Amino acid sequence: MNTLVNYGNLFAITLPETILEVVSLIVLVVDLAWLRKSSQASRMASACLLGVAGSAGAIFWLTTHPAALSFASGALVTTPLVAAAQIGILILTALVLLLSVKAEFSRNPGEFVAIVLLATTGMMLVTGARDLLVIFVALELLSLSLYVLTAFAKTSPQSAEAALKYYLFGGMSAAFMLFGFSYLYGLTGTTNLSEMTFLLSGQETLPLVIVAFVLIAAGLGFKVAAVPFHLWTPDTYQGAPAPVTALIASGSKVASFALLVAVTVGFVAPPSSESTGHSLWIVLLLTMAAGSIVLGNLAALVQTSVRRLLAYSAIAHAGYMLLGIAANTPQSGAAVVYYALTYALTTVGAFGVIAVVEHATGSDRLDAFAGLSRRSPLLAGTMLIFLLSLAGIPPLVGFWAKFNLFAAVLRSSGSASWPLAMVILALAASAVSLYYYLQVLKRAYVVKPTQPEPMPVSFLELATLAAIALAVFLLGIFPGMLSGWIPLG
Amino acid sequence: MLAFTIYLSFAGALLLAFMPRAWARTARGFALIVALAGLAVALTAFVQAGGQGSMAISDQAWVPSMGIHYTLAADGISRVLVLLTGLAAVAGILFSWNIGDGEADRANEFFAFFLALIGGVYGVFLSVDLFLLFVFYEIAIVPKYFLIAIWGSTRREYAAMKLALYSFAGSAMVLIGLLAAYAQAGSHTMNLHMLAQYPFPIRFQMWVFPLVFTGFAILAGMWPFHTWAPTGHVAAPTAASMLLAGVVMKLGAYGCLRVAMTLFPHGLDPWGFSFLGIGSWRTVFALFAVIGIVYGAAVALVQNDFKFVIGYSSVSHMGLVLLGLLTLTQIGIDGAVLQMFSHGILAGLLFATVGRIVYVRTHTRDLALLSKLQLGKAMPFAATLFVIAGMASMGLPGFSGFIAEVQVLIGAWHAFPWFAIVAGVGIVVGVAYTWRAMQRAFFSDTPALDAQGMAVSVPEYDPVTWPEIAGTILLVGTSLLIGLYPRLLLDVIAPAVQSLPHALLTGGR
């Protein structure tokens, strides 16, 4: 590694992260110093709105300073794609905070928002990191923040249980990953991904490389909730407070997938160059993808809790995205980021609706959604848009993301035969997925309400959800809107 | 101009979705106006264009980096089917005028889903860009689910889910084929005509063609993938049955012709070997079509639910459409398109009679119960209407069904003589089931008896309402007009069929 560290460069690259850090400290100070005596609701509201302001500031900096920089020979980079993912993560965090303004699960709003911002910092660093050490540190910052957030509903036993499961699985897989990293370092003498590509080529059959890849796949597979490292997902999604679940399901996923794209580019030479057979890393990704697609979609069919249903659907979606990562072309990498961002946006919306329904009925079971269209037509309408987008029904953005992703996968094929087979599997499985999304919508639109009175929903929540739904809809009709940001096709 | 059929329907659906719940009557009136406007646009375009070739409507870049354009155009086949859609939409709303009498009917939601479905159907018939076509094709799935699941009857949730999953599975098959073709042709374009120019390898066509054809044919009710159709038709509310049988099944047949056969004509070529006398996908699908004709008719013969009779008859009639397409002759394909139009009108009329005029008054569709009600005397309007619709549907000369079926059979005679004979038998069975249903429902000799076995007088039913009469005139008039002067449509269809890719008109040689 370079001994000469250019601190000016480092500061320029990490300024958005710095903004978040500073704001998270401000949130803590404001909450402790001035709002001690205020009501719980106003403390939460001011903390969340401060957090939103911080995210907005970081977004502003990123959009006004589109620079392709790199620090310490590529330990941290900002490419247009990384910047796009980071802006997306910040928007997602802001939305999650907007949806938590009315949340009542925590008596420590300052700490909650501060840790959310720390987690976001972790996500942004993960997205830009291109060095094994930086990757690990950033991932740990993200993971530790999320463990704490999962346990944040201190009065809820489910929250504690979910956090413990998440932590135990997470700690274990982080250890695996670090072990794998150490082998790679021992083999190549570098921790830098861009140097590793060259050093690893031709050595892919070495037993140690195989061990290292399997260990790293376990660690990253955990982060993206891919089979067989998915076991924490349903429990955590169900037990964590709804805004935290939204954060785990959205920003954290975007960051992890962006990282997987970068890692894959680092581990495997692009398919166009001369390579003998499949790289083991690609085989691992494809195995996880196939398992996730099949298991995620099948297990979701029998869920009665909407949160668990979305957890299994998240596993299935992770499977689709892994296909794009395995294709390993620049187009497919961009397609994965596009997919992850739009999927995350939709999921934040869906968990927003779940939070409202849970608050009103005390349950996230399918039956809690009965008659939603009559209790709150607008809320039901947004849920309709979110779930149909997840199912991949046009003209919603989920369909474009799928189409773009699968087209990129098919185009990458060259001589390999797996892309066609895997796309067929994915599309067949996504035909099944309509069943379980319709299970929720059936409750909302077809089944009569058990309680006729309108569902209480605050204006801010409704406005945020409507804005997300509108974005999902408009991005589906004008998919080119993002093309200056993430190239389609 | 034809593009306004799409925009009007979607704009209407959107407005209805945000309309206050109490405005039920306004909602249906508004929906009728929107549907009439769509019909007016379709009719104007139909009359203006006459027999000319394909007319471009719109061509704008949508996602230029992926070669996807917003391209709409209408050739003769499209214009005929758009006209059919307009007629079915207006008739469907007229025959669901009873929705909106009560506030619990959720009339604004009903008509919003209805118009969204119609908009999707218009879109499919007008799209030239295959991506756009697929988008509209899928847009049509979701409203069907809700129309059946919320406002349906007999096992509605089951039937709605089955229909949605069958449709979605079919469209997944289509999407695989389209994606594969798009990637194979270099990912530059999704334009139907440009893709059709690309020389797809024979091996490629041999697996993609059956995939895409089956995907679309599921929606056309091809045996053995037809099972969604009878359950769906029976469970659906009248307007939705009329649309399902009238236009949604046509989407499938249209996709078979427009996408599967046009893009991959060599998928129809012989395999080079034959198994049990079957030597190509063309024979396989023609066999399925013929089985569907006979099977649908035979099953319709033994149904006790009046609506199931009509549901299975739809499977039978759609078999004729598929058979006509697969003859690969001018006359056969002409006949198939005409049969799509004719069946769309007649199936609508039959479902309206059974599901609206009779069911709303008697609250039963059981033929055994209906036979005791002396409906021939109690409901002369319904009886007369069913006689007319039944006659037309069984292929009586003078109605639209006759000329269509004759053309399909002539085409089939050239292509598959044996299949033509079997299909002819199926049509004869069609006479039998129509006759049986007519006799049992309306002209039974069984006297009406009460619980003690005493004869009761003919019950009084609500009089026929003006929307029912208007819808009847619209549909019967159209069928008669086409039956008496089929050139009205054939002169539009024939040039369009002639300009199909040459491989589709060789008669398989």
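The values are calculated or read from the model by the stated rules, or taken from the named source; none is laboratory data. Just so it is clear, the structure is predicted and the values come from calculations on it, not from any experiment. Methodologically, a virtual Cβ is constructed for each residue, glycine included, from the backbone with ideal geometry; neighbour enumeration extends over all protein chains shown.
Any idea which of A:391, A:428 is small (Gly, Ala, Ser) and either touching a residue at least 40 places away in the same chain (Cβ under 8 Å) or more than 9 Å from chain B (Cβ to nearest Cβ) (or both)?
On the way: A:428 fails: either touching a residue at least 40 places away in the same chain (Cβ under 8 Å) or more than 9 Å from chain B (Cβ to nearest Cβ) (or both).
Going through A:391, A:428 in turn, the sole match is A:391.
Among the candidates B:111, B:46, B:134, single out the residue that is surrounded by 24 or more Cβ atoms within 10 Å (Cβ to Cβ) and touching a helix residue (DSSP H, G or I) at 6+ places or on another chain (Cβ under 9 Å).
On the way: B:46 fails: surrounded by 24 or more Cβ atoms within 10 Å (Cβ to Cβ); B:134 fails: surrounded by 24 or more Cβ atoms within 10 Å (Cβ to Cβ).
So the residue among B:111, B:46, B:134 that is surrounded by 24 or more Cβ atoms within 10 Å (Cβ to Cβ) and touching a helix residue (DSSP H, G or I) at 6+ places or on another chain (Cβ under 9 Å) is B:111.
Say whether the condition of being of a type in the set (D, E, K, R) and within 11 Å of chain A (Cβ to nearest Cβ) is met by at least one residue in the range B:118-140.
Scanning the range B:118-140, I find at least one residue that is of a type in the set (D, E, K, R) and within 11 Å of chain A (Cβ to nearest Cβ), so the answer is yes.
Condition check ((1) part of a loop (DSSP other than H, G, I, E, B); (2) touching an Asp or Glu at 6+ places or on another chain (Cβ under 8 Å)) across all residues:
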site	(1), (2)
A:429	no, no
A:433	no, no
A:440	no, no
A:443	no, yes
A:448	yes, no
A:455	yes, no
A:461	no, no
A:468	no, no
A:481	no, no
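Suppose we filter B:78, B:96 for residues that are under 16 Å from residue B:493 (Cα atoms) and buried (at least 24 other Cβ atoms within 10 Å of the Cβ); which single one remains? It would help to see each step written out before you state the result.
Details: B:96 fails: under 16 Å from residue B:493 (Cα atoms).
Unique residue meeting the criteria: B:78.
Hey, residue A:302 hits all of (1) closer than 28 Å to residue A:98 by Cβ; (2) more than 12 Å from chain B (Cβ to nearest Cβ); (3) not in a helix (DSSP H, G or I) but one; which does it fall short on?
If we test residue A:302 against (1) closer than 28 Å to residue A:98 by Cβ; (2) more than 12 Å from chain B (Cβ to nearest Cβ); (3) not in a helix (DSSP H, G or I), just (1) comes out false.
Cβ-Cβ under 7 Å, sequence separation 6+ or interchain: first residue in the range B:379-400 and of a type outside the set (Asp, Glu), partner assigned to a loop (DSSP other than H, G, I, E, B). Which pairs?
Every condition considered, the pairs that remain are B:379/B:461; B:381/B:464; B:391/B:399; B:392/B:399.
In the range B:354-382, what residues are surrounded by 19 or more Cβ atoms within 10 Å (Cβ to Cβ) and of a type in the set (A, V, I, L, M, F, W, C)?
Within the range B:354-382, B:354, B:357, B:358, B:367, B:370, B:373, B:375, B:379, B:382 meet the criteria.
So if I check each of A:475, A:488, A:441, which one is over 11 Å from residue A:379 (Cα atoms), within 11 Å of chain B (Cβ to nearest Cβ), within 26 Å of the chain's Cα centre (by Cα) and at pLDDT 90 or above? Working first, answer last.
Numbers: A:475 fails: within 11 Å of chain B (Cβ to nearest Cβ); A:488 fails: at pLDDT 90 or above.
After ruling out the rest, the residue left standing is A:441.
Just to be sure I understand, how many residues within the range B:191-246 are within 30 Å of residue B:60 (Cβ to Cβ) and free of Cβ contacts under 8 Å to residues at least 12 places away in the same chain?
The total comes to 3.
Would you point out which residue out of A:160, A:151, A:226 is more than 30 Å from residue A:111 (Cα to Cα) and either modelled with pLDDT of 90 or more or surrounded by fewer than 22 Cβ atoms within 10 Å (Cβ to Cβ) (or both)? Let's see the steps before the verdict.
Working: A:160 fails: more than 30 Å from residue A:111 (Cα to Cα); A:151 fails: more than 30 Å from residue A:111 (Cα to Cα).
Selected residue: A:226, the only one of A:160, A:151, A:226 that is more than 30 Å from residue A:111 (Cα to Cα) and either modelled with pLDDT of 90 or more or surrounded by fewer than 22 Cβ atoms within 10 Å (Cβ to Cβ) (or both).
Which residue pairs have Cβ atoms under 8 Å apart, sit 6 or more places apart or on different chains, and have a first residue in the range A:193-218 that is more than 15 Å from residue A:282 (Cβ to Cβ) and a second that is modelled with pLDDT of 85 or more and of a type in the set (Asp, Glu)?
Partner pairs satisfying both residue conditions: A:193/A:131.
Can you work out which of the residues in the range B:140-158 that are aliphatic (A, V, I, L, M) and buried (at least 23 other Cβ atoms within 10 Å of the Cβ) is modelled with the lowest pLDDT? Steps first, please.
Taking the range B:140-158 and keeping what is aliphatic (A, V, I, L, M), we get B:140-142, B:147-150.
Now narrow it down to the ones that are buried (at least 23 other Cβ atoms within 10 Å of the Cβ): B:140-142, B:147-149.
Values: B:140: 88, B:141: 85, B:142: 88, B:147: 90, B:148: 91, B:149: 89.
Across the range B:140-158, the extreme among qualifying residues is B:141.
Within the range B:215-234, is there a residue that is within 13 Å of chain A (Cβ to nearest Cβ) and at pLDDT 90 or above? It would help to see each step written out before you state the result.
Taking the range B:215-234 and keeping what is within 13 Å of chain A (Cβ to nearest Cβ), we get B:215, B:218.
Checking the rest, the ones that are also at pLDDT 90 or above come to B:215, B:218.
Yes, the conditions are met somewhere in the range B:215-234.
How many residues, within the range A:397-425, are under 28 Å from residue A:474 (Cβ atoms) and within 10 Å of chain B (Cβ to nearest Cβ)?
Number of matching residues: 12.
Pick from the range B:245-283 the residues that are more than 15 Å from residue B:216 (Cβ to Cβ) and among the aliphatic types (A, V, I, L, M): which of them is surrounded by the fewest Cβ atoms within 10 Å (Cβ to Cβ)?
Here the residue is B:276.
Identify, please: which residue in the range A:80-133 is basic (Lys, Arg) and closer than 19 Å to residue A:42 by Cβ and is, among those, surrounded by the most Cβ atoms within 10 Å (Cβ to Cβ)? Spell out the reasoning first.
At the first step, the residues of the range A:80-133 found to be basic (Lys, Arg) are A:102, A:107, A:130.
Checking the rest, the ones that are also closer than 19 Å to residue A:42 by Cβ come to A:102, A:107.
On the way: A:102: 18, A:107: 13.
If we take residues in the range A:80-133 being basic (Lys, Arg) and closer than 19 Å to residue A:42 by Cβ, then A:102 is surrounded by the most Cβ atoms within 10 Å (Cβ to Cβ).
Does the range B:354-361 contain at least one residue that is among the aliphatic types (A, V, I, L, M) and either free of Cβ contacts under 8 Å to residues at least 24 places away in the same chain or over 18 Å from residue B:434 (Cα atoms) (or both)? Quick ask: steps written out before the conclusion?
Initially, the range B:354-361 is screened for residues among the aliphatic types (A, V, I, L, M), giving B:354, B:357-358, B:360.
Filter again for either free of Cβ contacts under 8 Å to residues at least 24 places away in the same chain or over 18 Å from residue B:434 (Cα atoms) (or both), leaving B:360.
Within the range B:354-361 (the criterion being among the aliphatic types (A, V, I, L, M) and either free of Cβ contacts under 8 Å to residues at least 24 places away in the same chain or over 18 Å from residue B:434 (Cα atoms) (or both)), the answer is yes, since at least one residue qualifies.
Inside the range B:168-186, can you point out the residues that are more than 9 Å from every other protein chain (Cβ to nearest Cβ) and farther than 14 Å from residue B:66 by Cα?
Hits for the range B:168-186 are B:174, B:177.
How about the range B:142-158: which of its residues are of a type in the set (A, V, I, L, M) and at the interface with another protein chain (Cβ under 7 Å from one of its Cβ atoms)?
Step one: filter the range B:142-158 for residues of a type in the set (A, V, I, L, M), giving B:142, B:147-150.
Once the filter is applied, which keeps residues that are of a type in the set (A, V, I, L, M) and at the interface with another protein chain (Cβ under 7 Å from one of its Cβ atoms), the range B:142-158 yields B:142, B:149, B:150.
Looking at this structure, is residue A:393 closer than 22 Å to residue B:123 by Cβ, among the β-branched types (Val, Ile, Thr) and under 24 Å from the mean Cα position of the chain (by Cα)? Break it down into steps so the answer makes sense when it comes.
Numbers: closer than 22 Å to residue B:123 by Cβ: yes; among the β-branched types (Val, Ile, Thr): yes; under 24 Å from the mean Cα position of the chain (by Cα): yes.
For residue A:393, the condition - closer than 22 Å to residue B:123 by Cβ, among the β-branched types (Val, Ile, Thr) and under 24 Å from the mean Cα position of the chain (by Cα) - is met.
Pairs please, first residue from the range A:123-144 and under 17 Å from residue A:172 (Cα atoms) and touching a residue at least 40 places away in the same chain (Cβ under 8 Å), second anywhere and assigned to a helix (DSSP H, G or I) and of a type in the set (Ser, Thr, Tyr), Cβ atoms under 8 Å, 6+ apart in sequence or on different chains.
Going by the 8 Å Cβ cut-off, the qualifying pairs are A:142/A:252.
Sort out which residues of the range B:182-194 are crowded, with 22+ Cβ neighbours inside 10 Å and not hydroxyl-bearing (Ser, Thr, Tyr), and write them in order of number. So that I can check it myself, show each step before the final result.
So the first thing to find is which residues in the range B:182-194 are crowded, with 22+ Cβ neighbours inside 10 Å, and the list is B:182, B:190.
Listed by number, the list holds a single entry, B:190.
If I go through the range B:16-41 residue by residue, how many of them are away from chain A (no Cβ under 14 Å) and without any contact (Cβ under 8 Å) to a residue 60 or more places away in the chain?
Residues flagged as away from chain A (no Cβ under 14 Å) and without any contact (Cβ under 8 Å) to a residue 60 or more places away in the chain within the range B:16-41 amount to 8.
Looking only at the range B:144-164, count how many residues are touching a residue at least 60 places away in the same chain (Cβ under 8 Å) and not basic (Lys, Arg).
10
Considering each of A:304, A:287, A:245 in turn, give the residue that is in contact with a Phe, Trp or Tyr (Cβ under 8 Å, 6 or more places away or on another chain) and of a type in the set (Val, Ile, Thr).
Working: A:304 fails: in contact with a Phe, Trp or Tyr (Cβ under 8 Å, 6 or more places away or on another chain); A:287 fails: in contact with a Phe, Trp or Tyr (Cβ under 8 Å, 6 or more places away or on another chain).
Answer to the check: A:245.
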